[in-house]
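Asks: This is the structure, below, for whatever I ask next.
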Amino acid sequence: MIFHTILSIISIRFPLDDEFGVRLYSCLMEDCIFCKIAHGEIPARNIYEDDEVLAFHDVSPQAPIHFLVIPKRHIRNIMETDDSLLLGKLLYQAQKLAAALGCAENGARFVINCKFDGGQTVDHLHIHVLGGRPLAWPPG
């Protein structure tokens, strides 16, 4: 929560369209675990990668099949982007990988948590894909 507040203050005081604001924001993003995974600084069990998208197995799986699909560039959450092509590509890859990993017949759950109330724990847009067993509803 404090991190969100700091980023909000920074983006008002130093807009991300000026050089100082961009540099300051970049320094804060150096601590983003998903950015570090996307740049190869932290190992992950990758299952897909291209210039814009990375998919890897979740380190704490909640189902027999549980992987994440992320944009390689830092986007804090789904509410803070208007890049419809990238959003479409993320969901398309999630669907293709779910099918390739065995979810085509029985299905899977595709989850995007957003901000604090939405249960987002890593401030980097990501899609959870869970499958391989029946999943209860409501989720939480």
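Nothing in this text is a laboratory measurement; each read-out follows from the coordinates by a stated rule. All of these numbers come straight from a predicted model, not from anything done at the bench. As a convention, Cβ positions derive from the backbone with ideal geometry for all residues, glycine included, and neighbour counts pool all protein chains shown.
Asks: Please list, ordered by first then second residue, the pairs with beta carbon atoms under 7 Å, 6 or more apart or interchain, first in region 86-109 and within 11 Å of GLY132 (Cβ to Cβ), second assigned to a helix (DSSP H, G or I).
Replies: Hits for this filter: ALA108/ALA98.
Asks: Please specify each residue of region 117-140 satisfying the condition of being farther than 29 Å from ARG73 by Cβ and in contact with a strand residue (DSSP E or B) (Cβ under 7 Å, 6 or more places away or on another chain).
Replies: Passing the criteria: GLY132, LEU135.
Asks: I need every pair where a residue in region 59-72 that is touching a residue at least 24 places away in the same chain (Cβ under 8 Å) and closer than 14 Å to PRO134 by Cα has its Cβ under 6 Å from the Cβ of a residue that is surrounded by fewer than 19 Cβ atoms within 10 Å (Cβ to Cβ) and of a type in the set (Lys, Arg), sequence separation at least 6 or different chains.
Replies: ALA63/ARG133; PRO64/ARG133
Asks: If you don't mind, there's one more thing I want to ask. Given the residues ARG109, ARG76, which is the only one that is surrounded by 12 or more Cβ atoms within 10 Å (Cβ to Cβ), of a type in the set (Lys, Arg) and farther than 23 Å from ILE33 by Cα?
Replies: After applying the criteria, what remains is ARG109.
Asks: How about region 79-92: which of its residues are crowded, with 16+ Cβ neighbours inside 10 Å and within 15 Å of PHE34 (Cβ to Cβ)?
Replies: Result: LEU86, LEU90.
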